Every structure is written in structure tokens, then in C-alpha cells.
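Have a look at the structure below before the remarks.
The values are calculated or read from the model by the stated rules, or taken from the named source; none is laboratory data. Keep in mind the model is a prediction, meaning the values are calculated, not measured. Reconstructed Cβ throughout: ideal geometry from the backbone, glycine too, with neighbour counts over all protein chains shown. Note: accessible area is taken over every heavy atom of the protein model, side chains too, but ligands, DNA and RNA are not part of it. Shrake-Rupley method; radii C 1.70, N 1.55, O 1.52, S 1.80 Å.
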Amino acid sequence: MKARFAILLFILIGASSYIVHTRQLPVVTAVSSSAAYDYEALKDKYYADHPGKGKYADLWEPIPIQQYWNPVSFYEPPGTLIGNFNAEECVECHLAINPGWVHAWKDSGHANLDDIRSLKDDDPRFYKKAKLEEIEKELQSRGVLAAGKQLESVSCIDCHAGVGKTSMQHETELKMPDRAMCGACHVQEFAEAEAEKEQKWPQGQWPDGHPSHAMDWKANVETAIWAGMSQREVAQGCDMCHYQQNKCDGCHTRHTFSAAEARKPEACATCHNGVDHNEFENYMLSKHGVIYETMGKDKWNFEVQLKDHLTEGNYTAPTCATCHFEYKGEYSHNLVRKVRWAFNPTPAIADNLDQPWFEERKQAWVDSCAQCHSARFAKAWLDTADKGIIQGLEVEQEAKQIVQKLYDDGLLVGQKTNRPAPPEPAEDAPGDFFGLFFAQGNNPSLVDRTHAEMWEHDLIKHYKGLMHVNPGGFTYSEGWARLMRRYTEIQDQNTQIRELAELKKKVEELSK
Amino acid sequence: MKARFAILLFILIGASSYIVHTRQLPVVTAVSSSAAYDYEALKDKYYADHPGKGKYADLWEPIPIQQYWNPVSFYEPPGTLIGNFNAEECVECHLAINPGWVHAWKDSGHANLDDIRSLKDDDPRFYKKAKLEEIEKELQSRGVLAAGKQLESVSCIDCHAGVGKTSMQHETELKMPDRAMCGACHVQEFAEAEAEKEQKWPQGQWPDGHPSHAMDWKANVETAIWAGMSQREVAQGCDMCHYQQNKCDGCHTRHTFSAAEARKPEACATCHNGVDHNEFENYMLSKHGVIYETMGKDKWNFEVQLKDHLTEGNYTAPTCATCHFEYKGEYSHNLVRKVRWAFNPTPAIADNLDQPWFEERKQAWVDSCAQCHSARFAKAWLDTADKGIIQGLEVEQEAKQIVQKLYDDGLLVGQKTNRPAPPEPAEDAPGDFFGLFFAQGNNPSLVDRTHAEMWEHDLIKHYKGLMHVNPGGFTYSEGWARLMRRYTEIQDQNTQIRELAELKKKVEELSK
Amino acid sequence: MKARFAILLFILIGASSYIVHTRQLPVVTAVSSSAAYDYEALKDKYYADHPGKGKYADLWEPIPIQQYWNPVSFYEPPGTLIGNFNAEECVECHLAINPGWVHAWKDSGHANLDDIRSLKDDDPRFYKKAKLEEIEKELQSRGVLAAGKQLESVSCIDCHAGVGKTSMQHETELKMPDRAMCGACHVQEFAEAEAEKEQKWPQGQWPDGHPSHAMDWKANVETAIWAGMSQREVAQGCDMCHYQQNKCDGCHTRHTFSAAEARKPEACATCHNGVDHNEFENYMLSKHGVIYETMGKDKWNFEVQLKDHLTEGNYTAPTCATCHFEYKGEYSHNLVRKVRWAFNPTPAIADNLDQPWFEERKQAWVDSCAQCHSARFAKAWLDTADKGIIQGLEVEQEAKQIVQKLYDDGLLVGQKTNRPAPPEPAEDAPGDFFGLFFAQGNNPSLVDRTHAEMWEHDLIKHYKGLMHVNPGGFTYSEGWARLMRRYTEIQDQNTQIRELAELKKKVEELSK
């Protein structure tokens, strides 16, 4: 206990004064690493094409917080504690200094595997028993677990060093768990989630593998303006959602790692809200969300598997998960198999909706909706939504032409006097995405910015409002209403700018 | 079972390949229609003045989805399934193809009438027993139910063909239940809800019968811009709230049809939120809503009748329903008996608040508030709110004059060069409502649009913020704050437009 | 009972006809006032520096509703009921006329002290037993409670006239309870809350005692524009949050006065939301809030004391209270001991973050976060947040220079033709706070207003988004995204205004 207290003291007196007395620490001999699960091997496959800093790697260096968003590429164990510890020691020490995570773990399934083993077959969580047995069989087949032996618990060492290890050298072996680490046991879920990378677009509307959670970090670090921004602390904010490619705790938060948590709509809210993808708001204000709020929170059982949501779960409306995990009646962590409009509506999609690739996915949606609605109703709604989206797209496309013409004519406000280039690798263009995150002098001009909001905020909200069946989302409040406002602003500016330009010309001629 | 499976197969292979093998279907002889409830007769009364497509009927044709928002006028049974079925057959088949609605119904009161009959008198839902008996007596008096017989359940056929029927011909008799269909049994609630149509304004401030749920479809289809818009899929979004005149499932969602659901504030949220009537947001951020969130969700019993909310329900704050269903101590589905400012503040109301019609309604509000506050406090608040609303109205009215003057002077941006007329039957006018849903060229100009938002969004939010006692709703966040912003925008544009016009004139004179 | 009925009748027939028949009322002799608690004495200390109407007192008169927000200074008992009543009589009469508050009280701890006394030591509310005994000991020491006697209940008279009194003269003694009234029993909590007034800033960044709940009324009435606005009914809206200095029911709503209520995040929502301090939204969309929503509402026990939230409370994420009540491991009603950026980011804070005063508070935050995170993670986040805030501040400061320059050059729209002074005591200045609540002619101009929103809304939201770890709060939705938009608007206007001014000059020269 004295040693423990000493560690604690050293930690608490602050980073600057960390003096590590290794001889005071208990030394636990690591179990033979050959017996332990070969995390490195699995990692190789998973990380073969991990983007790390991405193709603009030479333009930015990670700041300290980013090691937590992408531990695969950036995490370094702290050098402030030296020693080899087993799980009990982890718990004892961290209970004193960071009790929150220890309490959460102690109440989690990971810490209570016997509770899972003793589930009765009328318990909605009974399926977890089979899952545990399957995981143990898998670990046995890999030699991580001795034949016939059960996992005692999933403890600190298993996730922070490697499953099956019994101790770790804190200053060298400590890891922040990444997808592959979770995947070491949760093989099926990991494989499902990774399968999102197989997304392929028929006419190259979006890059292969996108959109997906499985490649969201790549999308993030390869977005030109985010790579180029000098405000690294603001830019890393995008990482805080775009890290699902790296970790599983975006949905199953540490250290509870609850399946029930991730089945609730709020689990999606941190990332799926706001000006350019207000899925959460649209869901919550739709009748689906209202039913969840008024009846679901009381009566639905979120411990049941998604496939049983209507029967054992008593759901009377869908959640995010029931629609987006489902594909042809099966549920998996591959959420992109029914993606159609994807990030945002474009002519390249609008013009190809009658192609089989799109038609088949639409039919898959009809089947999803038909769990609770008639197929005719579902089809009527999806047709309505598609047409409504195209109506919004037409407004945006007309505005785009106006902005492009102003740019081509050199008439955007300040275009010839005060339009600095955006930071590399971003390139100047009218109404471009960079203008949502960068502003200097008259770049972007207000017209550029307004058009950027039109296609990147309002048109997307219009589409999300329609697809989530929230009337305010695509009529008077968001979507259409905002598109009308932006269009009005652009037309107003266009007329005013051109009238002034003409007046200037007249005055110039008079001055000659 | 083979027949069932065949139907299922045909349905599942998609709309294009629906080939109906009627001979495979079980043929159930319909019960004598004279014994069944005379839905047609009731409908006649209810539908005598049903607006259908409204007075602009020649300008638009319903799109497929609209048959679900207004089944009375537009619904057609699908031609894809031919046969006569009883309720058990409905359940069996739809359990296979649309299990969601069947599960919801199976857990509903409709499917479990015996549960209602066996309620003990200390159960807060005990009142439902009497209600059921009353309904049965009513049905007996109409000959729908044999004397002395009880309803077995309220099943598919009762609502989708007519109460008391035991089977229906799917391709001809299937109905989407409308208000009158629910009203066949729920006679009292139907009558209460219909009574909203009796609303009368003392000085014609608003058309008779408005605002109300009972005439919201009429309001919808007779709104000029919505009738005239070419984007029918966007326009139908308005229907998705404005259909309470047609159906009851806006509040009591299908197929649970829960009273408890409709008593919760979220039930109102889908329609009563957003930029032009943010009642839900104001409630939730008021102390009333906070008490509901922090204490109500755990401790209040939403199964009790509204009249017992303080006693058996343990409510310690009001919900939407407790205030808006109440009038002089009684609760009914007529929600408009205390309406005063109605849709939005206008001088015609502001100038008449001291008239008895308005004073009496204000006193009715004081009485409502006095359930939990002193009458003096309630009066002080309502006086504050009225005066605060008038202060907002004054700002909007001043801005309106500026916009009108610009229009009269022909100075709105693009007014003489690029101001196409809005689509018929909408007519051009400065700052008009159409500009929130239509934009082409410079109609609306930014000033028009800004004024439209002022009176149709911000002033209403100001009023709703005050009346729902949410301080942010009428100070720094919404309401007043937005009115100040819009006024500033309009004044800025006014000065700039007029200065430029003067400059143009000078240059023109110089050019002579 | 007849007398009771008479009172009731008189009250119900409306304010204009209040005729008070005192002889019909039961006359209850007041207990010797020397035995009662000396509220007046305590009040003296508390109210010595109570601001009342503040330093701009000569500019405004309270409107009726304000007596409820600041009863200390403005409340007058109603003259409509004359008589001396005991608590039972209060309950009997008010149960008939305002049952809501009576029901809430009857279910409250105040009405059920014996329930507290009989709490078992394994009940999370067991701590309340000791608290009650402590209060009784205190009251005994003051002679309010006889030695060895227990409080029977905390009833109407105790709070509305003075603790220990057994009756009150309604028309003269009735009080709306203020902080000191609650503090008569809740001595410790009152002292903690009052201690916020001791806040001192090292370089005078903010006035002493601010920000705090304990001086929020003073901040309110001494804000120039709020004192000067002629729209008193709008202006009083600010009081509705800025009254915590006067009363405790902003968090512990009447008449339940629940501790559990105030421990929930929604309790803070009415005041801490919206365009200039969206703490609630940021919390709810952060992973902290998501965990509260998905797991906290079901599983956390809000009846436990804050200090036991991780153990007995089962919290797995922080709430508003767990972070903001905590300081160096202890919890109190002094919420400002870790305040650093306070109201909004300014250079005076940004430039001094390395001073010990700020460093120590930052370390206190690291310690708070380290309850559930590693200190290294916490430090990395707080460093990120500080730098991100400064990046936002730089954008705002650059815009500020542009606005100031336009003002100095006399070029703001309408500056020389239509810029009336704001109402006294507000003084004209570019981009000033008054422009968020006042607008007349071209004061503020759009550029002024835009800059005011930048520093008073968007920069604060940027800071709150970062500090509450909500990525959308400081990237694409709010904060940074809005700062970029506002900067763009200001730069656009700056270029357009200056180009037009130059053109005017040219035309003027040509006209000579």
C-alpha cells in the first residue's frame, strides 16, 4: 500500500515534477507473450491501409489531444509511470486517482462475465451468453485462452495491452484501444463494421468506401481545408466525430461499452446533429422520434437485440439503429448498404436514380419501412422525398450558376482587390467548402459563403428532413425555407453588385 | 396457410409484378350491412363541408402520398389484393408482412378490452371502464352491437371498414380511418374536437373556425402559395401537420392510439416547433418544461385523465394538454376556447384587447394559471405578456411601413427589372407570406423576405416565448432579439438603397 | 367552513370586486413574536448591499410582475384578503383556489419531515436525516425551536412569514420567500451561495463578485440598455434568470424544492441556453450529455449527494452540478471557484492565462476531469480548448478593428444621417451591446449588430462548445462556423461601403 500511495502522490503533484521511483513499484513478470493473443498480426491487416495523417501529411503535425482520437497513429504511453502491473493493480491505483472509469467498468458486462453466463433463456440479454461462448471458442482456437477455460473477466490489461495478457509494462505497452483491439474479441462486429469499406458507387458519385464510419478518419484528414487550417485546435474538432474508423467508443462509450446505450437515438446525436446533417433533430421531431420519447423510453427494452425490437423489445417506432443497421431483414454494423443520396444531393445522383443500383437500394428501404407501413405507403413516401430533394437541388443549382457567373465576371465583392488564396492544399473556387472554415479579407465573399451554406447546409437539411419524415425539416423551418432565403440573398446581391458595377463604369466614362 | 403464403409472395415480389390470384384467397361472406354501423350516414354530416382540395382545387392535383393525409378525399384501396377477409386473416397476413403495426395494435387498448373491463377502481385508468360501457351502449342503440353484447375487440375491420363489420372486401372497402371513423365509437371526443369549428372572432380578426385543428386542412389547401407552388412534393409537407381535420393519429399515433401518449408534451412537438411557432421549444425551456423533464417523466402518471392531473397524476407543473384542453375547469378536445392572439399578433387584436370577448378569455387564462399560482401573479404575467407582445408588434409595424414605402417608390432591389409574379393564386405584395416558400429572380427581394420573417417568424416567436414564460424566447435569443436584427437589416437596406438611387440619379443627370 | 367559502367566493369574483369582510374570517392570535425566528435581523446582514433597483434606479420603475422576481425590494402582500391565519387554514383555502402548489408541497420533504427522520442508513437520502437534526439544533440555539423539540413540518407560515411563527397577518406579513428566508434553515447552503460574492479577479478582468449567481440581479439592473429600454415588459424578461441573487426557486422550483431536481442538467436549462451561452445544448450534445440521456435517466440515483455521485449515485458521466459545484474534491453552492474565461473571452484573459491565478484554476479543472479521465488527457483537452478560444478571439478582434475604423471614418450606414443615440444610460459606440436590444433608424447599423453578435454570441458559443466538449459547438455548426460567417459579412460590407463612398466622392467631384 505504501508503494501505491507513493505512485499516487507522484502523479498528483503535477506533470512537471514527475520523478519515477521504479524500485518502489511491484514488478509483475509478464506472461509468455507467445501465449497471448497476437494483436500485432491482426493489426497488420487492419492497419495496412490506415490513413494516419492522410495524403496531406506533410502539412500538419498532430497536437497532443489527437493521440486520443487516433491512437493507432499517434498514441504514446505516458512516461510518468514506470513499472509492470496486473489488472488488480490497475484497478487499485486508478480507483484512487480516476474512480469514474473504474466504477463504470465494474458495472459493465466486461467486469461481470458470470452474470452473462447465468442469464436465463427468457432474459432478452440471453443472446449474450452464446456470444460470450463464441468469443471464448475463438480465443481458444487462437491459443489466447487455454482449451476448456473461461474468461474470468475483460479487464484493463486485455484492452489496454492485448487480450490474454496478464500484465503490462505501463510506460511501453499501454495502448488506447482501437477498433482492432475491440475486434480481437468482437470479431463479427468488427468484420461487419470494416465491411463498410467495400461501398462502391456505380458512376463514381462518391469515392469508394465513402460515406462510412469505416473510412471517416481518412475523409477527415484528406479534406483540404482541415489539413490546411492554421488553427489546429479548431480543426481537430472535426476529428472528434471523424474517428469512428479508429475506435468503437464513439457509440459504446467507455468504460461501460453498452450495447443498449448504442441502440438509443441519443447515442448518434453528438455527431449527427447541426447545420449540415441534422439527422438527430429530424428524427426527434418526426413522429418516429415522438413515439420514442412518449412511449419508447418507458416501455421499450433496449437490452434486446435489434432483430427482436418489435417482438421482445416492444418497439412501436423505429430508432436510428433499427433502420440504419438493417438491410434485407438482417442487422449488422455495416450501416451503408442502403445509402443512396449519401453526403448531399448532387445532379450525378439525381440523374441516376432510375439505375438498378439506386432502384435496388430504394427497394431495400421500402422493405425496411414495410415492417410497420404498407409497401405502397413506403414507396409513395420515398418517391415524394426523392422528388422533393430534386426540387431543392434545382434551386441550389440555379444559385450556383449565378455565383459562378459573378466569379467569371470578376464581380464578387473584393474579388480583384482583396481575395487572398485559402491555405494550401485548398484551392480557390466560388462557393467552395473552404469558405465555411476559413475567412480572410474578402475570401469568401458573402455570396460565396451563402452558396456554400446552400449546398452544404440547407440542401442537406432539406434532404434529411424529407428522409426522416419531419415536416418542419423541409418546409417552413429548415430545408426549403432556408434554400428560399439563400436564393433570395444571392439574387439580391447579384442585382446590387451588377447595378453598382454599371454605375461605376458610367462614372468612369464620365471621368474620362 | 398455403394461400397466405401465396399472398405474401405476391406482395413481396414488388409492385410491378402484382398478379392477383383471387381464387387462392379465402372468401368470407360479409355480414349483412344493415346490421353494421352506418358509417356513410355519419360521414354525410361530417363531410358536408369538408374542403377536399379547397377553393383552389383547379390549380393542383393530389400526389400519391396525399391520400394518406386526406383519406376522406383521396384514398383509394390498393388494387393489388383482391378478396374478402376477416380480422383474424388481416392479422395473420400483416403479421408476416408489416409486423410493426400488428404488434402495436396487439399491445393497445383496442386489442385488450377485457383488460379495461377488469380495471380496479383504484387504478387511474378505471375511468376507461365506464367509457367502454358508454361506447357499447351507444353502439347498441344504433344497432351495431346486439343488445346485451360486449365488443370483443376493436380490430382491423372495425376501423378500416366500419365498426361492427366482421369482414371486408379488401380492394373496394378498405379505408384509412378518418376523424369520423374514430368518432363512430369515440362520440364525445369527436364532438368536442368538431366544436372547434364554432370559433367566432368579434371583429373578424381571423376567419371563423380558425385557428383550430378542426379546420387546419382547409387553412392548408386554401393558402394561396401552397396551392400555387409547382413543387408539389415540398408543398405536401404542410399537409403532414395540417391534417388534424382529417385524422386523429397526429396525436394518438397508430396503432397504439394511446391517450397517455397524447398527454405528453412531445406529442405536440412535430407540428408545434420551429421558426414560426416554437411552442414546444418554449415550453421545454420554461420552468414548466424543466419540471416535466426533471420530475414529471419519473413521477407523473400520464394514464390518469387530465382533470385529475394534480391529484392522481401527481403533476407539479402543467403540460401542453393541461392548459390547452382546459377551459373554466373542464377538459375537452376543443382546444381553442381560450385563443386570443391566435396565429400572430396584429393591430386588429392589439387594439381590441379591452373588449369583453378578449377580457373574458384572459380571465379564463388567469383561472387556468391560478390552479398553481395566485390569480394576482397570473394576471401580472398575462398583462406583462400582452404589453411585451405589443412592443414587438410596434417594431414590426414600423418596419412594414419602410418596406411598403420602398415598394411604392419602386425601389426594392430588382423591382423594375426582375420581379416575376408569384405563382397563381398568390398575388404580389411587399413582405408577403409567399416569399417564404417561393423565390424567383428578385421576388422576393431580401427586404421583402426579411419583413416576412419578421411578422411570420420572429414576432410569433416573441409572442410564444412570452406566453409560454420562457425568458430566452422573447429576450436575447428569439423574439425581441430577432426583431431587433431584422429591423436593423431593413433600415440598413433602406438607407443603402435610397443612397444608391440618389447617386444613380446624379450620375444620370451628369450623363445628360 | 362558511367563512372559508366566503373567502373563496370573494377571491373568485375577480380583482375589481374584492370586498373584504374581515369579520367573517377566523382570527388567530399570533404567537409571541419574541419566540419566533428573527428574520429581520438576518435580513439586515444579507440586504445591506442588496442592489434593489441598482445604480440606474432613477431611470425605471418596477412593473407589477417584478415584485415576484425581486420580492426583497418590491413585493407587497395583496390587500384583497385581511385576516390572521395559521398553516392549516392556508392549506385549506389554497387547496380550493390554487391546488397545484398545495399538492406539490404535500409531496415535498418540507411536508414530510417524519419520512426524513425514518430514513434507513442504506438509503441514499439518509444524509438528509443528519441535515434535519442540524437545522433543528441551529433553530434551538436561536430560540426559534424549544429545546428538545422537533420541527413538525416546514409549512406555509414558516416560509411566507418566518420560521417558527405559527400564524401570520395575511395583508401585512405575507412574504415571497427570498434567499435569506431559505437561509434561515438552510444556513450552510445559503452561506456557500453567498460566498460567490467573494470572487476577485487578479487584473480586474471582470468586476469583483462577477460572474456569480449571488450578484446576478445587480448585473442585471446595472446593465445600461436594460435600465434604459422603454419596453419594460421585454426588459423584465432578463430578470427572470437574473434573479438567483434574490431567490432559490430558480433551481429548486416551488413548492417541491427538490434537491434531486436541481441535480439534473435540465434544471439549468431555462437560463443556460441560447444564442449567447448555450451551455445546456453543448452539454446535451456532448458525450457527457449523451451518456446522461442514454444511461443516466434510467440508472443514476439523483437522490444521492453530489459527493457520492460515482459510488452510490452510479453516475457514469458528469452533470452540470458534478463539475460546477465541485472544487478540489468538495461540493458546494459556490459555483464560481473554477471560473476562468467567465462571461466571454477577452484579450485581458487570453494574455494572462499563464498567471498563477489562472493556472491554479486550470489545475483545479484538471483535477475535476481526472475523476474519470487521465490527468494527461484532461490537460491536453483544456490546452486545446484554451488555444481554440484564442483562435476565435483573434478573428473577432480583427473584425472589431474593421468596425471601429468604419465608425472613426464616419462610414457606417446612416452614421451621419440617421443614427439616434441609444436610450440613457447607454452610450453610443460601434458594435456595442445595446444594439442587441435596441434599434432605431440606423443605430445599430448592420455592421454594428454583426460585430455585437460576433463577440456576444458566437465567440461565447465557440468557448462554451470547446469547454463542454461538443464538437459541433465549435466547428461546423456554432462557434467557429458563425465567426467565419460574421467576419465574412463584415468584410463584405466594409469593401462595399468603402467602394460606394469612393464612387460618391468621384460623382461629387464630377458635379462641381
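Of all the residues in the stretch C:198-223, those that are part of a helix (DSSP H, G or I) and either surrounded by fewer than 20 Cβ atoms within 10 Å (Cβ to Cβ) or within 12 Å of the chain's Cα centre (by Cα) (or both) number 6. The single condition among (1) closer than 20 Å to C:I460 by Cα; (2) within 23 Å of the chain's Cα centre (by Cα) that B:G472 does not satisfy is (2). As for the stretch B:96-106, it holds at least one residue that is farther than 27 Å from B:Q244 by Cα, more than 31 Å from the chain's Cα centre (by Cα) and open to solvent by 50 Å² or more (accessible area, probe 1.4 Å).
Only one entry of B:K287, B:K264 meets the criterion of being at pLDDT 95 or above, open to solvent by less than 30 Å² (accessible area, probe 1.4 Å) and farther than 29 Å from A:D386 by Cβ, and that entry is B:K264. Taking the stretch A:323-357 as the range and being hydroxyl-bearing (S, T, Y) and more than 30 Å from A:E394 (Cα to Cα) as the test, the residues that pass are A:Y327, A:Y331, A:S332. Looking only at residues of the stretch C:224-244 that are of a type in the set (G, A, S) and in a helix (DSSP H, G or I), we find that the one that is nearest to B:G473 (Cα to Cα) is C:G237.
With the structure loaded, tell me whether B:D354 is acidic (D, E) and either free of Cβ contacts under 8 Å to residues at least 24 places away in the same chain or open to solvent by 40 Å² or more (accessible area, probe 1.4 Å) (or both) or whether it fails that test. So B:D354 fits the description; yes.
I'd like to check which helices (runs of 4 or more DSSP H) are fully inside the stretch C:418-489 and have at least 3 residues that are modelled with pLDDT of 95 or more and more than 7 Å from every other protein chain (Cβ to nearest Cβ).
The helices (runs of 4 or more DSSP H) meeting that bar are C:446-453, C:459-467.
Of all residue pairs spaced 6 or more apart or on separate chains, those with beta-carbon atoms under 6 Å, a first member in the stretch C:467-479 that is touching a residue at least 60 places away in the same chain (Cβ under 8 Å) and a second member that is open to solvent by less than 30 Å² (accessible area, probe 1.4 Å) and among the hydroxyl-bearing types (S, T, Y) are C:H468/C:Y283; C:H468/C:S286; C:V469/C:S286; C:N470/C:S286. The selection criterion, being crowded, with 17+ Cβ neighbours inside 10 Å and either of a type in the set (D, E) or assigned to a helix (DSSP H, G or I) (or both), holds for B:A180.
The set of residues in the stretch B:47-95 being aromatic (F, W, Y) and crowded, with 20+ Cβ neighbours inside 10 Å consists of B:Y68, B:W69, B:F85. For the stretch B:76-96, a residue qualifies if it is modelled with pLDDT of 95 or more and β-branched (V, I, T), and the qualifying residues are B:I82, B:V91.
On the given criteria, is C:S167 in contact with a helix residue (DSSP H, G or I) (Cβ under 8 Å, 6 or more places away or on another chain) and of a type in the set (S, T, Y)? Considered against the rule, which asks whether it is in contact with a helix residue (DSSP H, G or I) (Cβ under 8 Å, 6 or more places away or on another chain) and of a type in the set (S, T, Y), C:S167 comes out as yes.
Quick one: in the stretch B:160-173, which of the residues that are hydrophobic (A, V, I, L, M, F, W, C) and touching a residue at least 40 places away in the same chain (Cβ under 8 Å) is farthest from B:P77 (Cα to Cα)? Out of the qualifying residues, it is B:V163.
Can B:E189 be described as acidic (D, E) and closer than 30 Å to B:V144 by Cβ?
Working: acidic (D, E): yes; closer than 30 Å to B:V144 by Cβ: yes.
For B:E189, the condition - acidic (D, E) and closer than 30 Å to B:V144 by Cβ - is met.
Residue count for the stretch A:307-336, restricted to those that are closer than 15 Å to A:K264 by Cβ and open to solvent by less than 20 Å² (accessible area, probe 1.4 Å): 7.
A search for C-beta distances below 7 Å between a residue of the stretch B:109-130 that is part of a loop (DSSP other than H, G, I, E, B) and any residue that is loosely packed, with under 13 Cβ neighbours inside 10 Å, counting only pairs 6+ apart in sequence or on different chains, returns B:F126/B:K120.
Scanning the stretch B:357-395 for residues that are touching a residue at least 60 places away in the same chain (Cβ under 8 Å), farther than 14 Å from B:P318 by Cβ and open to solvent by 30 Å² or more (accessible area, probe 1.4 Å) turns up just one, B:W357. Looking at this structure, is C:V403 more than 20 Å from C:N344 (Cβ to Cβ) and at pLDDT 95 or above? It is false that C:V403 is more than 20 Å from C:N344 (Cβ to Cβ) and at pLDDT 95 or above. Condition check for A:R232 on (1) without any contact (Cβ under 8 Å) to a residue 12 or more places away in the chain; (2) open to solvent by 20 Å² or more (accessible area, probe 1.4 Å); (3) within 18 Å of A:F434 (Cβ to Cβ): one failure, at (1). Could you tell me whether B:A195 is farther than 21 Å from B:I116 by Cβ, in a helix (DSSP H, G or I) and without any contact (Cβ under 8 Å) to a residue 24 or more places away in the chain? The answer is no for B:A195. Scanning the stretch C:125-160 for residues that are buried (at least 18 other Cβ atoms within 10 Å of the Cβ) and in contact with an Asp or Glu (Cβ under 7 Å, 6 or more places away or on another chain) gives C:R125, C:L145, C:L151.
The number of residues in the stretch C:227-261 that are within 17 Å of the chain's Cα centre (by Cα) and more than 7 Å from chain B (Cβ to nearest Cβ) comes to 16. Against the conditions (1) at pLDDT below 95; (2) open to solvent by less than 10 Å² (accessible area, probe 1.4 Å), C:T166 satisfies every one except (2). For the stretch C:490-510, a residue qualifies if it is surrounded by 18 or more Cβ atoms within 10 Å (Cβ to Cβ) and within 10 Å of chain A (Cβ to nearest Cβ), and the qualifying residues are C:I490, C:Q491, C:D492, C:Q493, C:N494, C:T495, C:Q496, C:L500, C:L503, C:V507.
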